[in-house]
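The values are calculated or read from the model by the stated rules, or taken from the named source; none is laboratory data. Quick caveat, the model's predicted, so the values are computed rather than measured. Every residue, glycine as well, gets a Cβ built from its backbone with ideal geometry; the counts of neighbours run over all protein chains shown. Calculation scope for accessible area: heavy atoms of the full protein, side chains included, ligands and nucleic acids excluded. Shrake-Rupley method; radii C 1.70, N 1.55, O 1.52, S 1.80 Å.
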Amino acid sequence: MSADDCEAGVMMMMSCCASCGIAEVDEVKLKECATCDLVRYCSEECQENHTSQHKEACKKRAVEELRDDLLFKQPESSYLGDCPICMLPMPLDLSKSIVAVCCSKSICRGCFHANYMSEEEGWSNRRCPFCREPVSSKMEECDKQRMKRIEANDPVALCEEGVEQYVKADWLLSWKMPRRIINCHSCITLGNYVKAAELGDVDAHYRLSDLYRNGRGVVKDGEKEVHHLEVAAIGGHPRARYNLGCHEWNNGNSERAGSIGSSPPHKDMMVQSKR
């Protein structure tokens, strides 16, 4: 069916009462459904009689419109939020912040440096600027702290562990290691991302969209890719907004692409999102 045929069908539907089928004339004025604007009725009685048939479509349209409103509304800040120490917006350049393994808090490097300068005891007695836990220079101790956060179902720690396993799988792939070993790391990556996403981690949703786009550890699935991109975009993830805008553009939806990817709250967001 062509686009013209679909448009003609919609026009015909809107010119008649969805319940009794009476056409709109001088004596009969049709009113649109206030929730979805998909159908029109000649009376409240007809609308009530048609409720059982129209309810599902009406709810679906309402959910879609609400989701679009969230997508088109530019987030007030990025998914990184504010530094918990200085309360300034976190930089989108991840090299300018540090995730503390002891508490999984993202802290800007400025606050880390200020904390270091204020402590005169030296490296052996340094403490986290947020939770004040001792900062260890030994990798074994850092791994213990990280695993403690993972066991506590910390979404940031789970996502970080997923990233580490993803990098390991890439390294093994480059060395042409056995596929079963690579798949093991890919499964761990997927499990950590899924759990972190269920706990509300926006970055985990973005990384899941990447897995479903490239088929890493999962079967390629465009619908799941878009779903996770939308969740991440609503949460203020700049790369997700950019990728979702590209997806809409490639599908011929230029207006949606522009609405989703335009005028982010931080001027460097689009620059960072393309990297």
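Can you spot a residue in segment 141-156 that is open to solvent by less than 30 Å² (accessible area, probe 1.4 Å) and among the small types (Gly, Ala, Ser)?
Checking segment 141-156: not a single residue is open to solvent by less than 30 Å² (accessible area, probe 1.4 Å) and among the small types (Gly, Ala, Ser).
Being within 19 Å of Val101 (Cβ to Cβ) and not in a helix (DSSP H, G or I) is the filter; apply it to segment 159-215 and report the residue that is least open to solvent (accessible area, probe 1.4 Å).
Checked segment 159-215; the qualifying residue least open to solvent (accessible area, probe 1.4 Å) is Asp201.
Filter segment 216-242 down to residues that are open to solvent by 40 Å² or more (accessible area, probe 1.4 Å), within 20 Å of Arg179 (Cβ to Cβ) and either in contact with a Phe, Trp or Tyr (Cβ under 7 Å, 6 or more places away or on another chain) or assigned to a helix (DSSP H, G or I) (or both), then give me how many there are.
At the first step, the residues of segment 216-242 found to be open to solvent by 40 Å² or more (accessible area, probe 1.4 Å) are 216-217, 219-224, 227, 231, 234, 239, 242.
From what's left, within 20 Å of Arg179 (Cβ to Cβ): 216-217, 219-220.
With either in contact with a Phe, Trp or Tyr (Cβ under 7 Å, 6 or more places away or on another chain) or assigned to a helix (DSSP H, G or I) (or both) added as a condition, the list becomes 220.
Selection size over segment 216-242: 1.
Enumerate the pairs (first residue in segment 1-30 and under 17 Å from Glu44 (Cβ atoms); second residue anywhere and at pLDDT below 80) with beta-carbon separation below 9 Å, excluding pairs fewer than 6 apart on the same chain, so at least 6 apart or on different chains.
Ala18/Leu38; Glu24/Met14; Leu30/Met14
Those residues that are open to solvent by 80 Å² or more (accessible area, probe 1.4 Å), more than 38 Å from the chain's Cα centre (by Cα) and closer than 26 Å to Leu66 by Cβ, I need them from segment 14-47; list them, please.
Passing the criteria: only Glu44.
Do we have any residue at all in segment 98-112 that's hydrophobic (A, V, I, L, M, F, W, C) and exposed (fewer than 15 other Cβ atoms within 10 Å of the Cβ)?
Here is the first cut: in segment 98-112, the residues hydrophobic (A, V, I, L, M, F, W, C) are 98-103, 107-108, 111-112.
Okay, now just the ones that are also exposed (fewer than 15 other Cβ atoms within 10 Å of the Cβ), so none.
No, the conditions are met nowhere in segment 98-112.
Can you tell me which residues in segment 125-140 are out of contact with any helix residue (DSSP H, G or I) (no Cβ under 9 Å at 6 or more places or on another chain), open to solvent by less than 90 Å² (accessible area, probe 1.4 Å) and modelled with pLDDT under 90? Explain how you work it out, then say what you get.
Quick first cut of segment 125-140, residues out of contact with any helix residue (DSSP H, G or I) (no Cβ under 9 Å at 6 or more places or on another chain) only: 125, 131-132, 138-140.
The next check asks that each one be open to solvent by less than 90 Å² (accessible area, probe 1.4 Å); those that pass are 125, 131.
Correct list: Asn125 only.
Out of all the residues in segment 64-88, which are more than 16 Å from the chain's Cα centre (by Cα), surrounded by 11 or more Cβ atoms within 10 Å (Cβ to Cβ) and more than 17 Å from Ser259 (Cα to Cα)?
If the condition is that a residue be more than 16 Å from the chain's Cα centre (by Cα), surrounded by 11 or more Cβ atoms within 10 Å (Cβ to Cβ) and more than 17 Å from Ser259 (Cα to Cα), then Asp82, Cys83, Pro84, Ile85, Cys86, Leu88 are the ones that fit.
Just to be sure I understand the filter: pairs with C-beta atoms under 7 Å, separated by 6 or more residues or on different chains, first member in segment 44-65 and among the aliphatic types (A, V, I, L, M), second member part of a helix (DSSP H, G or I). Which pairs pass?
Cβ pairs passing all conditions: none.
Can you spot a residue in segment 107-127 that is in a loop (DSSP other than H, G, I, E, B), under 23 Å from Gly162 (Cβ atoms) and more than 22 Å from the chain's Cα centre (by Cα)?
Start the filter on segment 107-127 by keeping residues that are in a loop (DSSP other than H, G, I, E, B), which leaves 119-122, 126.
Narrowing the set further to residues that are under 23 Å from Gly162 (Cβ atoms) leaves none.
So far as segment 107-127 goes, no, none of its residues is in a loop (DSSP other than H, G, I, E, B), under 23 Å from Gly162 (Cβ atoms) and more than 22 Å from the chain's Cα centre (by Cα).
Collect the residues in segment 48-63 that are surrounded by 12 or more Cβ atoms within 10 Å (Cβ to Cβ) and either touching a helix residue (DSSP H, G or I) at 6+ places or on another chain (Cβ under 6 Å) or within 29 Å of Ile234 (Cα to Cα) (or both), keeping them in residue-number order.
Correct list: His54, Ala57, Cys58, Lys59, Lys60, Arg61, Ala62.
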